[in-house]
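Student: I'd like to ask some things about the structure below.
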Amino acid sequence: MSEQFDVVVIGAGPAGYHAAIRAAQLGMTVACIDAGLGKDGKPALGGTCLRVGCVPSKALLDSSRQFWNMGHLFGDHGISFKDARIDIEAMIGRKDKIVKQFTGGIAMLFKANKITPYYGFGQLQPGNVVKVKQHDGSEVELKGTNVILAAGSDSIELPFAKFEGDTIVDNVGALDFTDVPKRLAVIGAGVVGLELGSVWKRLGAEVIILEAMPDFLAAVDAEVAKIAAKEFKKQGLDIRLGAKVSKTEVIGNGKSKEVRVTYTDAEGEKTLTVDKLLVAVGRKAASKGLLADGTGVKLNERGQIEVDEHCHTGVDGVWAAGDCVRGPMLAHKGFEEGIAVAELIAGLPGHVNLDTVPWVIYTEPEIAWVGKNEQELKAEGIPYKAGSFPFAAIARAVAMGEPAGFVKVLAHAETDRILGLHLVGVGVSELVHEGVITMEFNGSADDLARICHAHPTLSEAVHDAAMAVGKRSIHKVN
């Protein structure tokens with residue numbers, strides 16, 4: 001006999017745990033199923049984001065940045081030292097401690113909200129029944145008045161670069177190297193490739209990033225991408241565009257293992273031998289095995305669960321959210337969809353505006369944006385005006401020794417409504433939300449320009465860029 005709940009959630013990642021907690025807050029009985037395990041082999045809630053994604057990568061980015069600054073920035077401050085070294089085991093240990101703190105925090109929230117957790121793999125059956133194969137081998141059946149599918153996503157594995165131990169790895173393996181590789185190759189110059197490539201470059205590795213596309217960060221505003229590429233080159237990241245990998249081969253054994261990578265660029269076929277290879281070519285919806293026959297839930301050609309604008313699958317009482325549905329595979333998008341679905345189930349309004357979801361790449365400098373970029377506006381024939389302002393003219397950025405980058409505001413040429421905010425520089429992961437908020441309230445560049453910003457702060461770059469849209473920036477020639 002099935003255990004009955006108002007809501008059964010499959011997946012305790014960003015979308016799933018937010019949905020579960022919000023549904024419980026709204027008075028519903030909730031069960032949440034998750035298959036994730038921590039490094040200690042015990043259940044760990046939070047999904048890819050908390051266990052092997054957003055949180056641990058930021059921990060390593062911060063550790064590696066501290067080390068990098070010791071050799072490249074502290075001297076300008078008059079700070080000197082001798083023989084700086086990095087203890088990789090301690091750095092990884094710090095990362096693991098942070099991960100455990102936050103995955104444990106989700107478990108505490110589940111307990112406080114009276115959410116029943118099940119640890120294992122959930123599969124939707126017809127009639128809103130979920131069969132759970134638990135880690136101990138036992139099976140249970142749950143019946144939900146509503147079922148929320150939030151299974152998340154998995155790394156894409158290439159047929160010619162299959163994951164192998166700690167030699168050919170995805171993001172999970174690259175978070176746990178025990179030593180700094182002498183040479184690290186990365187397939188894919190996207191978010192994961194750039195962030196984890198930056199981590200190990202800062203710690204002393206030679207990093208070669210192979211990107212099949214001819215343009216660097218094609219989805220990013222072209223001016224932003226150009227500045228970012230220039231800064232990455234200064235840091236020593238070797239980014240090779242138009243480089244299509246066709247073959248990989250693990251050679252040697254034990255500690256002498258290497259990877260021979262064959263790729264083709266404009267000059268022809270080339271080979272590269274490295275200690276480690278990170279495959280970072282994107283992610284796919286983790287929908288394999290999620291649906292039994294006869295559920296009525298449909299998958300598209302990419303394996304994503306088909307949903308409407310309110311995350312409903314078209315099957316009565318079955319919803320889906322997060323990485324396993326359309327839209328950007330971003331934790332914060334999953335947060336909002338999970339909450340929206342819980343509120344819709346409760347009869348409340350619930351909606352996520354995918355046009356104002358912010359994007360961030362946590363490199364040095366950071367890259368962030370919301371809305372449309374100039375290439376998109378031109379392609380769509382939307383009349384626009386632009387205003388930009390460099391961090392090199394911002395006193396706070398210069399005082400911090402971080403003058404690289406700029407802020408660009410794009411506004412409609414006729415209505416002045418903000419269409420996009422694009423940033424590259426220090427702290428822009430926080431500043432991008434000025435654009436998100438303004439766009440959500442249908443604000444204009446003039447609105448943003450007339451809001452008082454504290455001095456001296458990095459946010460003044462947003463203020464001056466908004467003023468520059470109307471050619472009235474005080475601190476630059478318009």
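The values are calculated or read from the model by the stated rules, or taken from the named source; none is laboratory data. This one's a predicted model, so the numbers in the text were calculated from it and none came from an experiment. Cβ sites come from the backbone with ideal geometry, for glycine too, and all protein chains shown count toward neighbours. With ligands, DNA and RNA removed, areas are computed over all heavy atoms of the protein, side chains included. Shrake-Rupley method; radii C 1.70, N 1.55, O 1.52, S 1.80 Å.
Student: Of all residues in region 352-399, which are surrounded by fewer than 13 Cβ atoms within 10 Å (Cβ to Cβ) and assigned to a loop (DSSP other than H, G, I, E, B)?
Tutor: Selection gives ASN353, GLU380, GLY381, PRO383.
Student: If you don't mind, there's one more thing I want to ask. Just give me the residues in region 143-157 being surrounded by fewer than 15 Cβ atoms within 10 Å (Cβ to Cβ) and in contact with a strand residue (DSSP E or B) (Cβ under 6 Å, 6 or more places away or on another chain), in sequence order.
Tutor: First, the residues of region 143-157 that are surrounded by fewer than 15 Cβ atoms within 10 Å (Cβ to Cβ): 156-157.
Once the filter is applied, which keeps residues that are surrounded by fewer than 15 Cβ atoms within 10 Å (Cβ to Cβ) and in contact with a strand residue (DSSP E or B) (Cβ under 6 Å, 6 or more places away or on another chain), region 143-157 yields only ILE156.
Student: Out of (1) of a type in the set (A, V, I, L, M); (2) part of a loop (DSSP other than H, G, I, E, B); (3) under 26 Å from ASN353 (Cβ atoms), the odd one out for MET439 is which?
Tutor: Single failed check for MET439: (2).
Student: If only one of SER138, SER155 is polar (S, T, N, Q), on the phi < 0 side of the Ramachandran plot and within 26 Å of the chain's Cα centre (by Cα), which one is it? So that I can check it myself, show each step before the final result.
Tutor: Numbers: SER138 fails: within 26 Å of the chain's Cα centre (by Cα).
Result of the check over SER138, SER155: SER155.
Student: Here is a list: ALA346, ALA285, ALA321. Which entry is more than 23 Å from VAL55 (Cα to Cα) and of a type in the set (A, V, I, L, M)? Show your work before the answer.
Tutor: On the way: ALA285 fails: more than 23 Å from VAL55 (Cα to Cα); ALA321 fails: more than 23 Å from VAL55 (Cα to Cα).
When all the criteria are applied, what remains is ALA346.
Student: What are the residue pairs meeting all of these: first residue in region 152-179, first residue in a loop (DSSP other than H, G, I, E, B), second residue among the hydroxyl-bearing types (Ser, Thr, Tyr), Cβ atoms under 7 Å, and 6 or more apart or on different chains?
Tutor: GLY152/THR48; PHE160/SER246; PHE160/THR248; ASP170/SER155; LEU175/SER57
Student: (1) farther than 30 Å from GLY350 by Cα; (2) free of Cβ contacts under 8 Å to residues at least 60 places away in the same chain: which one isn't true of LEU50, the others all being true?
Tutor: Condition (1) is where LEU50 drops out.
Student: ASP166 is checked against (1) within 30 Å of TRP319 (Cβ to Cβ); (2) more than 18 Å from the chain's Cα centre (by Cα); (3) acidic (Asp, Glu) and fails just one. What number does that condition carry?
Tutor: All conditions are met except number (1).
Student: If you don't mind, another one. For GLN66, which of the numbered conditions (1) over 20 Å from VAL180 (Cβ atoms); (2) in a helix (DSSP H, G or I); (3) open to solvent by 40 Å² or more (accessible area, probe 1.4 Å) fails to hold?
Tutor: Unmet condition: (1).
Student: Does ALA90 satisfy the criteria of being over 21 Å from ILE21 (Cβ atoms) and of a type outside the set (D, E, K, R)?
Tutor: Details: over 21 Å from ILE21 (Cβ atoms): yes; of a type outside the set (D, E, K, R): yes.
In short, yes.
Student: I want to confirm something. Restricting to region 141-167 and keeping residues that are out of contact with any Gly (no Cβ under 9 Å at 6 or more places or on another chain) and among the aliphatic types (A, V, I, L, M), which single residue is farthest from ARG283 (Cα to Cα)?
Tutor: Of all residues in region 141-167, those out of contact with any Gly (no Cβ under 9 Å at 6 or more places or on another chain) come to 141, 154, 157-162, 164.
With the extra rule that they be among the aliphatic types (A, V, I, L, M), the set shrinks to 158, 161.
Working: LEU158: 11, ALA161: 15 Å.
Across region 141-167, the extreme among qualifying residues is ALA161.
Student: Of all residues in region 257-273, count the ones that are open to solvent by less than 40 Å² (accessible area, probe 1.4 Å), closer than 19 Å to MET213 by Cα and among the β-branched types (Val, Ile, Thr). Don't jump to the end; show me each part of the working.
Tutor: Of region 257-273, the ones open to solvent by less than 40 Å² (accessible area, probe 1.4 Å) are 259, 261-263, 265, 268, 272.
Subsequent filtering for residues that are closer than 19 Å to MET213 by Cα retains 261-263, 265, 268, 272.
Filter once more, keeping what is among the β-branched types (Val, Ile, Thr): 261-262.
So the answer is 2.
Student: Against the conditions (1) free of Cβ contacts under 8 Å to residues at least 60 places away in the same chain; (2) open to solvent by less than 60 Å² (accessible area, probe 1.4 Å); (3) assigned to a helix (DSSP H, G or I); (4) not basic (Lys, Arg), where does GLU343 fall short? Just the number, please.
Tutor: Result: GLU343 fails condition (1) only.
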